[in-house]
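Asker: I am attaching a structure below and will ask some questions about it afterwards.
The values are calculated or read from the model by the stated rules, or taken from the named source; none is laboratory data. Note that this is a predicted model, so its numbers are computed, not measured. Cβ: placed from backbone, ideal geometry, glycine included. Neighbour counts: every protein chain shown. We work out accessible area using only protein heavy atoms, side chains counted, and drop any ligands, DNA or RNA first. Shrake-Rupley method; radii C 1.70, N 1.55, O 1.52, S 1.80 Å.
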Amino acid sequence: MRNIYLVPRPQKVEVKQGDFVLPHKGVILLDSRELDFASRRLQQLCQQICGQKLDRRLLTKSPCRAAFRFRKSEMQIGAQAYQLDIAPEGVTLIYGGTAGALYGVSTLKQLLLQYQGTLPCLHIEDEPDYAQRGVLYDISRDRMPTLETLYKFIDFMIDVKLNQLFLHVEGLKFAYASYPETWEGGTPLTGEEILLLDQYCQERCIELIPTQNCLGHMTKWLEREEFKHLAECEDGYPASWAPGGVEKPGTLAPYLKGTRELVENMTEDFLPYFSSQRYNVCLDEPYELGMGKSMQRCNEIGKDGVYLEYVLWLQELAAKHGKSLMMWGDVVKHYPDLYKSIPKEVTLLEWGYDPASPFEKYCAAYQEAGLRYYVCPGTACWLSLIGRIDKMRKNQENAAENGLRYGAAGYLVTSWGDRGHWEHFPIAFPGYLYGAALSWAYSQNLEIDLAHGLDLLLFEDKAGRVGQMLLRLGQLPDPLEKENASLIASIFKDAIKNTESIQQILHYDFDSLCREVDVILTELAASQMSGEECDLWKRELINNARLFCHGCQLGKLKQLLLQRKTMQAKKLAKQLAWELEELMKEYGQIWLRRNRLDGLWDSMENMRRLLREYQELTQV
């Protein structure tokens, strides 16, 4: 029997004897006009992959040979469920709802890509473990994708049966009609673009969910003169991670009239473009809440009481727009009394990005309290340059297992752009793909071959090299384990003179990591990628790999400085300055292929700073 590869792997697959050969003349027979998009997609796939154009017909009394037949299930099955029967005489797709029909076509696409016009006979019964399976796409720090990039991403989502897209807007990345002075001259996401995206998503049974910060993470707003008075702490707040021990203001003062007006205007400007009935207001990490303007009220009713009052106000605001509230769970979970007070209509988004994140503890607590929630692991690619595959897999498995055990309503894979978002487009896809697989059928996909799926659906590599290459890059050892970041990526963010982390690995062989990267990159020469983006995929992967190697050499430079080998350090710094200039040039060119100009300057800030430090070091 043949080993059938599909991702996500279905709940049940039975391989049978024989093949179905796609006829030169045949039809796609459908029993409802509601299947227009699903049947049109199947028609296009047959044309693009096999070179055969099949006509579409609604059920008719006239006899015809149906190559593909759509049939609504006569049994009570879920709207996302489908059954697929491939027999020598034809293919029958039995569906529970429009989404189920579309997911069946996604499965057929993978079979057509692998077997062309001769499909193996089989029987599939399939439906998702999690009804809601989403991705959070950070479009604010600092990569603002073009509309074409977002369309491509949505196409990937339907290929792997994801059905929710959270577009994360932070700061001034949307064209707010009430505040044109904050974005004029830039290239923010516009309402017109959201309408186009929303329609594109709806056709593909994907819900586009509005997501914007309404309490913390408001730094970009509070940096502006006209809004700085709305900060909880206008002069900043104590933070051990910040330069000088003081972090910039980032949290709104929740009781100010101006705060409520700002959030109301942001909401009224943003929400009408989305057909979704949900609204994610975030509310995570309000670090300085209670340290400034809300201190007195916090002393009276507690920080949790202040937070709850703001949540209830936001719930009323969302209800005015016909939306239900979603919010991150990091504040609520630390105040058990809030479990009884948070309205049951609110959906908590329980995030954790470490393999050992306590999903079991909090999922069990939410279930006991009767709260609706999602589990939200991550792609583990941010602050990594090349990904962190092993951590990603363990983190997502932890979330998926405990979400299923304790009744989570959804599974959301997050991917962030912290501190410059240096990771190019392909780096996060192993995490997206694994999240899609686990959330669809957890137990069937624990050992799924991610490399094969990446080559099949993303890179179109017939040689099967590029997916494995990306995974191998993301599995390179980290010289020093850091929470939520790799050491090599973190090295870039600190001044050259900051050698604290290197002191613990003074004699580590950074050159060995670079040699491993060189060996892995040789796989590209043997790849057989097709498609119009194959050259861009290569450039993106090489640029990130070379940036990683540059970070290794920067680690080596810091070792030399600690060892007081000044002449060797100067020589290496001169070499690295030349290399970084070349990497920066390529980085900027690649950026503009998928992203808007806005954000590029901010993203490269640490690169420019590092280049200046190299030059200063060589002149000492």
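Asker: Tell me, which strands (runs of 3 or more DSSP E) lie completely within region 1-82 with 1 or more residues that are closer than 25 Å to Asp455 by Cβ?
Answerer: Once the strands (runs of 3 or more DSSP E) in region 1-82 are filtered for at least 1 residues that are closer than 25 Å to Asp455 by Cβ, what remains is 12-21.
Asker: Might you check whether a residue that is within 23 Å of Pro479 (Cα to Cα), modelled with pLDDT of 95 or more, out of contact with any Pro (no Cβ under 8 Å at 6 or more places or on another chain) and crowded, with 19+ Cβ neighbours inside 10 Å occurs anywhere in region 586-608?
Answerer: Among the residues of region 586-608, at least one is within 23 Å of Pro479 (Cα to Cα), modelled with pLDDT of 95 or more, out of contact with any Pro (no Cβ under 8 Å at 6 or more places or on another chain) and crowded, with 19+ Cβ neighbours inside 10 Å, which makes the answer yes.
Asker: Go through the residues of region 596-609 one by one and say whether even a single one is assigned to a helix (DSSP H, G or I), touching a residue at least 12 places away in the same chain (Cβ under 8 Å) and over 29 Å from the mean Cα position of the chain (by Cα).
Answerer: no
Asker: Considering region 264-317 alone, what residues qualify as being acidic (Asp, Glu), touching a residue at least 40 places away in the same chain (Cβ under 8 Å) and in a helix (DSSP H, G or I)?
Answerer: Glu264, Glu268, Asp269, Glu309
Asker: Can you report the number of residues in region 252-304 which are acidic (Asp, Glu) and crowded, with 20+ Cβ neighbours inside 10 Å?
Answerer: Result for region 252-304: 1.
Asker: Just to be sure before I move on: is Gln11 touching a residue at least 24 places away in the same chain (Cβ under 8 Å), open to solvent by 30 Å² or more (accessible area, probe 1.4 Å) and more than 35 Å from the chain's Cα centre (by Cα) in the structure I sent?
Answerer: No, not satisfied.
Asker: Would you tally the residues in region 334-373 being over 24 Å from the mean Cα position of the chain (by Cα), more than 20 Å from Ala400 (Cβ to Cβ) and of a type in the set (A, V, I, L, M)?
Answerer: Number satisfying all stated conditions: 3.
Asker: Here's another thing I want to ask about it. From the set of residues in region 87-101 that are among the small types (Gly, Ala, Ser) and part of a strand (DSSP E or B), which is nearest to Lys25 (Cα to Cα)?
Answerer: This residue is Gly90.
Asker: Now, a different point. Pairs under 9 Å by beta carbon, first residue open to solvent by 30 Å² or more (accessible area, probe 1.4 Å) in region 117-129, partner of a type in the set (Phe, Trp, Tyr) and in a strand (DSSP E or B), six or more apart or different chains?
Answerer: Taking only residues 6 or more apart or on different chains, the pairs are Thr118/Phe20; Glu125/Tyr82; Glu127/Tyr82; Asp129/Tyr411.
Asker: Please specify each residue of region 424-443 satisfying the condition of being hydrophobic (A, V, I, L, M, F, W, C) and under 21 Å from Arg593 (Cβ atoms).
Answerer: Answer for region 424-443, where residues must be hydrophobic (A, V, I, L, M, F, W, C) and under 21 Å from Arg593 (Cβ atoms): Phe425, Ile427, Ala428, Phe429.
Asker: Moving on to the next point. Could you list all residues from region 158-205 that are open to solvent by less than 10 Å² (accessible area, probe 1.4 Å), without any contact (Cβ under 8 Å) to a residue 60 or more places away in the chain, of a type in the set (A, V, I, L, M) and touching a strand residue (DSSP E or B) at 6+ places or on another chain (Cβ under 9 Å)?
Answerer: Across region 158-205, the qualifying residues are Leu165, Leu167, Leu189, Leu197.
Asker: Within region 69-82, take every residue that is over 19 Å from His24 (Cα atoms) and open to solvent by 50 Å² or more (accessible area, probe 1.4 Å) and give me the one that is nearest to the chain's Cα centre (by Cα).
Answerer: Only one residue tops the list, namely Ala79.
Asker: Also, I was wondering about something else. Here is a list: Arg393, Arg419. Which entry is out of contact with any strand residue (DSSP E or B) (no Cβ under 7 Å at 6 or more places or on another chain) and closer than 22 Å to Gln11 by Cα?
Answerer: Arg393
Asker: Gly104 fails exactly one of the following numbered conditions: (1) open to solvent by less than 10 Å² (accessible area, probe 1.4 Å); (2) of a type outside the set (A, V, I, L, M); (3) over 24 Å from Lys462 (Cα atoms). What is the number of that condition?
Answerer: (3)
Asker: Of the residues Glu500, Glu532, which is more than 27 Å from Lys394 (Cα to Cα), more than 24 Å from the chain's Cα centre (by Cα) and without any contact (Cβ under 8 Å) to a residue 12 or more places away in the chain?
Answerer: None of the other options fit; the residue is Glu500.
Asker: Is it the case that some residue within region 84-95 is hydrophobic (A, V, I, L, M, F, W, C), open to solvent by less than 20 Å² (accessible area, probe 1.4 Å), touching a residue at least 60 places away in the same chain (Cβ under 8 Å) and closer than 30 Å to Thr414 by Cβ?
Answerer: So far as region 84-95 goes, no, none of its residues is hydrophobic (A, V, I, L, M, F, W, C), open to solvent by less than 20 Å² (accessible area, probe 1.4 Å), touching a residue at least 60 places away in the same chain (Cβ under 8 Å) and closer than 30 Å to Thr414 by Cβ.
Asker: Are there any pairs with C-beta distances below 8 angstrom linking a residue in region 538-557 that is more than 21 Å from Trp591 (Cβ to Cβ) and open to solvent by 10 Å² or more (accessible area, probe 1.4 Å) to a residue that is in a helix (DSSP H, G or I) and acidic (Asp, Glu), with the two at least 6 apart or on different chains, and if so which?
Answerer: That search, which allows pairs on different chains as well, returns Gln553/Glu579; Lys556/Asp511.
Asker: List the helices (runs of 4 or more DSSP H) inside region 423-509, counting only whole elements, that have at least 1 residues being open to solvent by less than 10 Å² (accessible area, probe 1.4 Å), at pLDDT 95 or above and under 23 Å from Phe166 (Cα atoms).
Answerer: 429-440, 450-454
Asker: Within region 560-585, which residues are farther than 14 Å from Tyr614 by Cβ and touching a Ser or Thr at 6+ places or on another chain (Cβ under 8 Å)?
Answerer: Matches in region 560-585: Leu562 only.
Asker: Here's something else I'd like to know. What is the number of the single condition among (1) more than 28 Å from Gln17 (Cα to Cα); (2) among the small types (Gly, Ala, Ser); (3) touching a Pro at 6+ places or on another chain (Cβ under 9 Å) that Ala67 does not meet?
Answerer: (1)
Asker: Just checking, how many residues over region 407-432 are within 12 Å of the chain's Cα centre (by Cα), aromatic (Phe, Trp, Tyr) and farther than 16 Å from Gly352 by Cα?
Answerer: Residues meeting the conditions: 2.
Asker: Scan region 20-42 and give yes if some residue there is under 21 Å from Ile206 (Cα atoms) and either of a type in the set (Phe, Trp, Tyr) or in contact with a Ser or Thr (Cβ under 6 Å, 6 or more places away or on another chain) (or both), otherwise no.
Answerer: Looking for residues that are under 21 Å from Ile206 (Cα atoms) and either of a type in the set (Phe, Trp, Tyr) or in contact with a Ser or Thr (Cβ under 6 Å, 6 or more places away or on another chain) (or both), one finds at least one in region 20-42, hence yes.
Asker: Take region 280-318 and flag every residue that is of a type in the set (D, E, K, R) and within 28 Å of the chain's Cα centre (by Cα).
Answerer: Scanning region 280-318 gives Asp284, Glu285, Glu288.
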